[in-house]
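Step one of this worksheet: look at the structure below.
The values are calculated or read from the model by the stated rules, or taken from the named source; none is laboratory data. In this text, all values refer to a predicted model and were calculated from it rather than measured experimentally. Cβ placement follows ideal geometry from the backbone for every residue including glycine, while neighbour counts extend to all protein chains displayed. Quick note on the areas: whole protein, heavy atoms, side chains included, nothing else; ligands and nucleic acids left out. Shrake-Rupley method; radii C 1.70, N 1.55, O 1.52, S 1.80 Å.
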Amino acid sequence: MWHNRLIEYLLKEGYINDPICFCIYMKRSKNEFAIIIVYVDDINIVGTPNELTKTINYSKKWFEMNDLWRAKSYLKLEIEYLNKVIFIHQEAYIIKVLKMF
């Protein structure tokens, strides 16, 4: 029920569901964008600062949610924020796999 309500909300707000990956919803305007990734009951939101703030604040009015700020990992991907670059890697996972051999 929660997922159905979320999807209904996103579509009403102008988000478009990615035709290949059904867990991704995107909204674009001339200079702004937001991408929402839904995994079970977790949501990651990325986008331009203005659209990101607007999306988070508006979503909090409709759903009980915690803003955990910047994700440090997601689905075994490690995320590092370096100046104006986002570095995504799987160093810890690779080390774990290598230790198995």
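Number of residues in segment 10-36 that are over 12 Å from the mean Cα position of the chain (by Cα) and of a type in the set (Val, Ile, Thr) equals 2. Residue count for segment 22-65 under the criterion of being open to solvent by 50 Å² or more (accessible area, probe 1.4 Å) and either within 23 Å of Met1 (Cβ to Cβ) or of a type in the set (Gly, Ala, Ser) (or both): the result is 13.
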